[in-house]
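The values are calculated or read from the model by the stated rules, or taken from the named source; none is laboratory data. Treat the numbers as computed from the prediction; the structure is a model and nothing was measured. Here the Cβ positions follow ideal geometry from the backbone for every residue, glycine too, while neighbour counts run over all protein chains shown.
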Amino acid sequence: MFSAKELLCFWFESLFRVDTPYRQRCNVWLGVDTSQDRLIRQRLLRTTLMASEGVLDEWANSKEGRLALCLIYDRIGRVCYRHTQLAFEHDHAIQSLVDDWARQGLLYELGFEKGLWFIVPLLCSERSEYLLFAQNQLQFLFNQKLRPEIRQLVSELTLLGERNQLVIEKFGRYPHRAKQLRKPLRAEEKQFVEQYEWQHWI
């Protein structure tokens, strides 16, 4: 089993060649590039299952552990259970935890670059208040001293959050998830799904 620090090292560093560009790394982390899915499942599925069973709850007591749990319940879970309803199983739990950690001022203990990954689950939320909070945090991050590639990611995530907010205001959920969650689509949702592509990691 990975420790929290080992998981972070694998996810952010060992998963890639040293010279892998940040943009390419982001594509893997966000599920745009699925070429590393098999390796991620091989290395992290057991840890993900343990987290799901509550075995790793104590990780929430450390700054590395909090980020590791966030990644497991969000990004890593999306990989391990891609194309199944289990990919979204812990969305509400991690969004609530991130909200709680934010109220305690714990999001940026590891710096802005790592803290950004606490915001991503909220960008995928179906709760308007979480989407609004994520937008505010992205604006805060954009105003910090960031590397150009991080600033670019923040800008792209901001646009994504604005779009997600409009979708939630209109439908109250993400229609593109319906098939994966085995839920029926309303007529207007079906038209929306057929008309617009959607990042499957949302």
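Which residue pairs have Cβ atoms closer than 7 Å, lie 6 or more positions apart in sequence or on different chains, and pair a first residue in the range 12-25 that is at pLDDT 95 or above with a second residue that is polar (S, T, N, Q)?
Qualifying pairs under 7 Å: L15/Q36.
Of the residues E129, E113, which single one is within 26 Å of R66 (Cα to Cα), touching a helix residue (DSSP H, G or I) at 6+ places or on another chain (Cβ under 8 Å) and among the charged types (D, E, K, R)? Even if it seems obvious, please write down each step before you answer.
On the way: E129 fails: touching a helix residue (DSSP H, G or I) at 6+ places or on another chain (Cβ under 8 Å).
Exactly one of E129, E113 is within 26 Å of R66 (Cα to Cα), touching a helix residue (DSSP H, G or I) at 6+ places or on another chain (Cβ under 8 Å) and among the charged types (D, E, K, R), namely E113.
Can you tell me which of H176, H83, H92 is within 23 Å of D37 (Cα to Cα) and without any contact (Cβ under 8 Å) to a residue 40 or more places away in the chain?
On the way: H83 fails: without any contact (Cβ under 8 Å) to a residue 40 or more places away in the chain; H92 fails: within 23 Å of D37 (Cα to Cα).
Just a single option satisfies the conditions, and that option is H176.
Hey, can you tell me all the residues within the range 179-202 that are touching a residue at least 12 places away in the same chain (Cβ under 8 Å), among the hydrophobic types (A, V, I, L, M, F, W, C) and not in a helix (DSSP H, G or I)?
Result: L181, W198, W201, I202.
Only one of these is farther than 22 Å from V98 by Cα and out of contact with any Gly (no Cβ under 9 Å at 6 or more places or on another chain): E113, E149, E162. Name it. Let's see the steps before the verdict.
Values: E113 fails: farther than 22 Å from V98 by Cα; E162 fails: farther than 22 Å from V98 by Cα.
Criteria check complete, one pass: E149.
Quick one: would you say D100 is surrounded by 17 or more Cβ atoms within 10 Å (Cβ to Cβ), of a type in the set (D, E) and out of contact with any Leu (no Cβ under 7 Å at 6 or more places or on another chain)?
no
What number of residues within the range 75-110 are modelled with pLDDT of 95 or more, out of contact with any helix residue (DSSP H, G or I) (no Cβ under 8 Å at 6 or more places or on another chain) and assigned to a loop (DSSP other than H, G, I, E, B)?
Summing the residues that are modelled with pLDDT of 95 or more, out of contact with any helix residue (DSSP H, G or I) (no Cβ under 8 Å at 6 or more places or on another chain) and assigned to a loop (DSSP other than H, G, I, E, B) in the range 75-110 gives 2.
Just give me the residues in the range 1-26 being small (G, A, S) and either in contact with a Leu (Cβ under 6 Å, 6 or more places away or on another chain) or surrounded by fewer than 16 Cβ atoms within 10 Å (Cβ to Cβ) (or both), in sequence order. Give the derivation first.
First, the residues of the range 1-26 that are small (G, A, S): 3-4, 14.
Listed by number, the residues that qualify are S3, S14.
Could you run through the range 90-132 and say how many residues are within 15 Å of V154 (Cβ to Cβ) and of a type outside the set (K, R)?
Of the residues in that region, 13 qualify.
Within the range 159-169, does at least one residue satisfy the condition of being at pLDDT 95 or above, assigned to a loop (DSSP other than H, G, I, E, B) and surrounded by fewer than 20 Cβ atoms within 10 Å (Cβ to Cβ)?
Looking for residues that are at pLDDT 95 or above, assigned to a loop (DSSP other than H, G, I, E, B) and surrounded by fewer than 20 Cβ atoms within 10 Å (Cβ to Cβ), one finds none in the range 159-169, hence no.
Among the residues of the range 128-135, is there at least one that is hydroxyl-bearing (S, T, Y), under 23 Å from N61 (Cβ atoms) and surrounded by 13 or more Cβ atoms within 10 Å (Cβ to Cβ)?
Here is the first cut: in the range 128-135, the ones hydroxyl-bearing (S, T, Y) are 128, 130.
In the following step, the residues that additionally are under 23 Å from N61 (Cβ atoms) were identified as none.
Taking every residue of the range 128-135 in turn, none turns out to be hydroxyl-bearing (S, T, Y), under 23 Å from N61 (Cβ atoms) and surrounded by 13 or more Cβ atoms within 10 Å (Cβ to Cβ).
Looking at (1) farther than 16 Å from H90 by Cα; (2) touching a helix residue (DSSP H, G or I) at 6+ places or on another chain (Cβ under 7 Å); (3) surrounded by fewer than 17 Cβ atoms within 10 Å (Cβ to Cβ), find the lone condition where W29 falls short.
Among (1) farther than 16 Å from H90 by Cα; (2) touching a helix residue (DSSP H, G or I) at 6+ places or on another chain (Cβ under 7 Å); (3) surrounded by fewer than 17 Cβ atoms within 10 Å (Cβ to Cβ), the lone unmet condition for W29 is (3).
Restricting the first residue to the range 117-136 and requiring it to be acidic (D, E), which pairs with a second residue that is part of a helix (DSSP H, G or I) and surrounded by fewer than 18 Cβ atoms within 10 Å (Cβ to Cβ) meet a Cβ separation below 6 Å and a spacing of at least six or different chains?
E126/I168
Can you spot a residue in the range 171-183 that is among the hydrophobic types (A, V, I, L, M, F, W, C) and touching a Leu at 6+ places or on another chain (Cβ under 9 Å)?
Going through the range 171-183, the residues among the hydrophobic types (A, V, I, L, M, F, W, C) turn out to be 171, 178, 181.
Narrowing the set further to residues that are touching a Leu at 6+ places or on another chain (Cβ under 9 Å) leaves 178.
Scanning the range 171-183 turns up at least one residue that is among the hydrophobic types (A, V, I, L, M, F, W, C) and touching a Leu at 6+ places or on another chain (Cβ under 9 Å).
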